[in-house]
Amino acid sequence: MIVCAVAVLCLPARLRAQLTPETTGADGVDEAAGQSGSVTEAEGESESVSESEAEAVSVPEAEAERVSEAEAEAGTESDDEGLSFNVPGLGRTAFSMTSTTTARYRGENYDFNSHDDNFASLQQRLDMSLQSDEVRLELRLDGFLPFVPGITHGESSCIEGEEALCYLRGNARPERFTLEWQHSDWKVQLGDAYSIMGRGIALAFRKVDLLGVDTALRGGQVHYEGRHFHAQILGGVANPQNLDPTNLRVIDEQLDRVIGTDLGARLGANDDVDFALQYSRVWFRDDENGYQNRVVDVVGWRAELPALADGALSLYVEANGLRRSYVDFGMDGNEFGRAVYGSVQLQMDKFTVLAEWQDYRNFMVAATTNETRTYRIYSAQPTLELEGLQRVRGIGNRRGGSLKIDYAFNESPWSVGLNSLLVGFNEDPNADPWDGILVSHTWVTLRRFNDASSGASADETSGDDAPDDTSGADENASRFGWTLDALAGFRRETYLHDPSSDLLASGDVDRQVMHADIDSSFGAGMHSFEARVEQRYEREFVFDHYNDFTQGSATVTWSYGQHLSVSPAVRWNSESKGVIAQRDMRAYNFLGGTFFPALEVKWTFTPGNFISLFGGMTPGGQICSGGVCRVVPPFEGVLSQLVLRL
C-alpha cells in the first residue's frame, strides 16, 4: 500500500473505523501462531499482523511510533552490516542504533479534562543492538517531556480533588533490555521479550501498534525447537511500555508475575500432527481500588495438522480452561471459564476456503473478563471479526463461527471474496453468549493486484544489452500499473432475549452498520498515487432512542519513489453530538464540527532515515485488534518525527 507509512498517521475516525482494513482474514490469528522472540524480532512480526491494520490505525502518536519502527527495520534489512567489528569470544559483531525524535503539539481532545489540552511535548527513543552469530544484545532508552501550561518543576495547577486529571508528567528510563543466545535448536532470552502460546489464547505478550500496546515479559525464557519436539518455559513480570502513545499517560510498573510452559511433539512419519500442552499462571498485583489476591490459571492443549491432502488442507484446534481466584470483601472466591477455537482451511490453485469456530465463556487472561486496561490483558483470542470495522463487544464471552471464501480468476489479476460471520455474545461474563446479542455480518471483496509491478520481462533485461540500474529505471518509467481493493458489507446486531427495557424486545436491532470502501493505487516510474474513500451508515440504540450517524474518510497520497510522499485527507463523523457542538464553536474548524481535515508530508532522505510532519485533526472512537479493544479521544494538533539510523 502506498500510503501505508503516510496517510495512516491521521487515521482514526472511530479509530479503526475511519479506515477499515482490506484483509478478509481473522484478526491476527496467524500472527499469534507460535510467535515468540526478542523485542526486535516480535516487533517485526507485529508489523505483519496485517498491513491494512496499520492503515486503519488509531491516533497519530501511536501510528508515528509504528511507522518509525517499521522504517528503521526496513533500513536495517537493506544495510545489514552497519558498524561491524570483532569482539573477543563473540567473533564478528554488528552494532546498530536508531534514534526516533518526536515533537508534538496537542490541542483540544474533547474529553472534559482541561489539564490534558493545549500542550507541547518532546519524546526521544534510542534503540541499540549488538548482533553476533549466536548472541544478541538489545537496549531501548525512552524519554518523554511534556510542556504543560501551569506546571513547572513538578508543581501542578490542579485543584484539590482533581489530581487524577493531571496525569501528564515527564519520564525517562531504560524501557527494554534483552540478552539472547541462540545455538542449534536452543534459544535462551534474559530481560524483556515477547512470547505467545499457540494462537495467543493461553498467553500473549506482544506488540499491537494499532492499540498502542507494547507489553513484554521481563524475566527469562528458554525455547527448544527440535526435529520432533518443541518446548518453552518462561517466568518473570509483565512489563508494559511506560508511555501510552495514544494518550501520553505514563504507566507505572504493574509487577504482575507470570510463569508458563509449553510442551509439544510432532507425530507421524512426516510430522503430520503437531500436538502441544500449555499452562500459564498470572498473579495480579492488588488494585487499591478493586480486587485483591487475583490469580489466573490457564491449562490447555492444541493440535495442528498443517499438510493434509498433499498440503491442500490444514486443521487447527485449541482448547483451554481457566480458573480465576480472588478475595472480595474478605471472602475467597473462584470463577471458571473456557476457550475453544478451531479452524479448517482448504487451499486450492484458485480458491481458498477458511472456516472458523469459537466458544469462549468468561475467558480472558486478565484480572477480570471485563478488563479495559489493554496493557493488563495477557491473551489475544481470535474474534473472527473484520479487523477494525466495528466495536467488538463481549470478546471473552462469545460463541459462533465464520466462513471466508476467496477466488482468483485464471490468468487474471482479479480476485473476489465472500465472508460471513454469525456469533452470539454477552457482555455479562457469567451469562451464556446465546442469551445476549446475535451478530450477523457479511461482506464481499473485489481486488486487483498490480500485474505490471514486475517491470521489464526477463527477456527484455537479459543478455549483453541488459540495461544498468539507471536505464532500467527509465524503461520501467513507461510501465503503468494499478491496483484496486474494494469492500462492501452489512452488519446487524439483534437481541436474543427481551432486554431490560420497555422499548425493546427479543429480535429488535441493537446496532447495524452498512459499510463500503474502495482503495485504488496507480503509478508509472517514480510517481504513484493512491486514493481511498470509505463510507459507513450506522444505527445504534442509545438509552431510549436510535442514533443514526455516518462516518467516512477520503485520502489521497502522492509518492515520488521512496523519497517523498504527500497525503491530504478529510474524515467525517456525526456520532457524538456533544463533540460536534464543541468543535462548531472553534473558529479554525472552517468545515464544521463533523469534518476532520489533515495533511501529512514525509521525506525519506536515505534508506531508513526520514522526517515527517503531520498537521490536522482525527476523530476518536474505539479500535479493536486481536481480541483487545480500547477507546481513544479525538486529536487536534501537529506532530513531527525525525528518525535516524546508524
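The values are calculated or read from the model by the stated rules, or taken from the named source; none is laboratory data. Keep in mind that what you see is a predicted model, and the values were worked out from it rather than measured. When we count neighbours, we look across all protein chains shown, and the Cβ atoms used for this are built from the backbone with ideal geometry, even at glycine. Heads up: the accessible areas ignore ligands, DNA and RNA and are worked out on the full protein's heavy atoms, side chains in. Shrake-Rupley method; radii C 1.70, N 1.55, O 1.52, S 1.80 Å.
Alpha carbons only, please: Rg and Dmax for region 103-216, in angstrom.
19.5, 60
Using a 1.4 angstrom probe on the protein heavy atoms only, line up PHE112, PHE449 by accessible area, largest first.
Most to least solvent-accessible, the answer reads PHE112, PHE449.
Please give the per residue accessible area of region 515-568, computed with a probe of 1.4 Å over protein heavy atoms only, in Å².
Heavy-atom accessible area per residue stands at 46 Å².
Kirkwood Rh over alpha-carbon pairs of region 319-420, then Stokes-Einstein at 37 °C and 0.692 mPa s: what D in µm² s⁻¹, rounded to an integer?
The Stokes-Einstein estimate is 203 µm²/s.
Compare ASP272, ASP116 by solvent-accessible area with a 1.4 Å probe and give them largest first, with all protein chains kept in place.
Solvent-accessible surface, decreasing: ASP272, ASP116.
With Cβ to Cβ distances under 11 Å as the rule, what net charge do the other residues near ASP185 carry (K, R +1; D, E -1)?
The answer is +1.
What number comes out for accessible area per residue over region 94-213 if the probe is 1.4 Å? Units Å², please.
About 44 Å² of surface per residue is accessible.
Scaled to the compact-protein estimate 2.2 N^0.38 Å, what is the alpha-carbon radius of gyration of region 297-348, rounded to two decimal places?
It is 1.81.
With the Cα gyration tensor of region 260-316 in hand, give its eigenvalues times 5 under a square root as the equivalent ellipsoid semi-axes, listed largest first in whole angstrom.
38, 12, 6
D for region 240-398, whole µm²/s, Stokes-Einstein with Kirkwood Rh over alpha-carbon pairs at 37 °C and 0.692 mPa s: what number?
D = 181 µm²/s.
What order do GLU575, GLU530 take when sorted by accessible area (1.4 Å probe), most exposed first?
These residues rank, largest area first, as GLU575, GLU530.
For region 536-646, restrict the atom set to alpha-carbon positions and state the Rg and Dmax in Å.
17.4, 59
Just add up the charged neighbours of ASN426: K/R +1, D/E -1, any other residue whose Cβ is under 13 Å from the Cβ of ASN426.
-3
Roll a 1.4 Å probe over the protein chains and send me the accessible area per residue for region 365-406 in Å².
Accessible area per residue, region 365-406: 21 Å².
Using C-alpha positions alone, give me the convex hull volume of region 220-320 per residue in cubic angstrom.
Taking only Cα atoms, region 220-320 has a hull volume of 147 Å³ per residue.
Just to confirm a number: summing +1 for Lys and Arg and -1 for Asp and Glu over residues other than ARG324 whose beta-carbon lies under 9 angstrom from that of ARG324, what do you get?
After counting each charged neighbour, the total is 0.
In sequence order, what are the phi-derived ³J(HN,Hα) couplings for region 601-617 according to the Karplus relation 6.51 cos²θ - 1.76 cosθ + 1.60 with θ = phi - 60°, rounded to whole Hz, with x for glycine and proline?
Once θ is set to phi - 60°, the couplings for region 601-617 become 10, 9, 10, 9, 7, 9, x, x, 10, 8, 10, 9, 9, 10, x, x, 9 Hz.
Please give the solvent-accessible surface of PHE490 in Å², to the nearest 10, using a probe radius of 1.4 Å with every protein chain present.
Around 90 Å² of this residue is reachable by solvent.
Using θ = phi - 60° and the Karplus relation 6.51 cos²θ - 1.76 cosθ + 1.60, list the HN-Hα couplings for region 537-552 in order, rounded to whole Hz, with x at every Gly or Pro.
Result, ordered by residue: 10, 10, 9, 9, 7, 10, 6, 10, 7, 8, 9, 9, 7, 10, 9, x Hz.
In sequence order, what are the phi-derived ³J(HN,Hα) couplings for region 212-218 according to the Karplus relation 6.51 cos²θ - 1.76 cosθ + 1.60 with θ = phi - 60°, rounded to whole Hz, with x for glycine and proline?
For region 212-218, the Karplus curve yields x, 9, 8, 10, 10, 9, 9 Hz.
Using label points projected 7 Å from each Cα along Cα→Cβ, tell me how many nm separate PHE112 and THR261, to one decimal.
5.0
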